[in-house]
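Notes follow the structure.
None of the figures in this text is laboratory data; all of them are computed from the coordinates on show. Not measured: the values here are computed from a predicted model.
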Amino acid sequence: MADLRVVTIAAGDLEARFAPGANMVGCSLRHRGEELLGQRDGVEAYVARGKTFGIPLLHPSENRLGEWRYEVAGRTVDLDGAALVRADEHGLPIHGALPAGAGWRVVQTTREALWAELDWGADRGRMAVFPFAHVVELRAVVDGDGLAVETTIVATGEDAVPLSFGFHPYLSPPGAPRERWEVELPALAHLALDDKGLPTGAREPWRAQRLTLGDRTFDDGFAFDGAGAARFAVSDGARLIEVVFENGFPYAQVFAPPGQALICFEPMTAPTDALRTHDGLRLVAPGERASAAFAIRVRPV
């Protein structure tokens, strides 16, 4: 049975909780005692079935792949039958390796901060689905008005490590029903997707927008081509929640499914299916490290 104890960090009006035994998922973010994250089926379903919730780290692929086989950085990987991979509604592998059994080690905690590591190369099951030895470092800090998360990939083996991870923060602001949420999107490049949610290669400009969510849905890919940080936001009338892509995340998925009081602004180091197509894919050279950071900022309105 997975150890589902949590590490809590807090400052000011914010409290964040992470579960090391559930792939270091951010399982709670509370502002003045109110939960801001979509809990869906909770941590047990996440560990048992990969049913995402909260703020999961999705690695080594943050979205879906177009096939059950990929070739990258001189390696060919067959995922068919892999125990740590699940299929989406189209029968395609999605969300990287399943969380069960991920051997995270908490290195240090303070009242406001958490530092943890995962030695991917020491896990045979994980190496079977992504055969590139590396360590994942995660640092989370609460500073009173926000939660900042920095993730670093350290290439520890002889091979370069493809960089295709991301996060899927499920925001569920409690102050108003979904249809009244106000959403802010920055100027982006919209990535056309096919009927399986895979990029076609086409893109078009997307102007900055502010809109009332209403019954609108999203499952859209974007590239951020500008300088500085990309900022997304949702307001429930009581508070404004911003997701800021601070560095290392040039791609995003915006997800607001029908019938669920959820919206996600997903930071991604590479576009969907990058392990197969190599589009936008970066490599971390042996002995080198690469970091990416995002923050969730909360303020009353």
GNM of the chain, Cα pairs under 10 angstrom: of Gly26, Gly38, Gly12, the biggest fluctuation goes to Gly12
Per the helix-only model, the chain has a calculated mean residue ellipticity at 222 nm (DSSP H runs of ≥4, -39500 (n - 2.57) each, divided over all residues, rounded to the nearest 500) of -1500 deg cm²/dmol
Long-range amide H partners of Arg239, meaning residues 5 or more apart or on another chain whose placed amide H is closer than 5 Å, are Val301
Within the set Ala229, Ala256, Ala102, GNM on the chain using Cα springs under 10 Å gives the largest fluctuation to Ala229
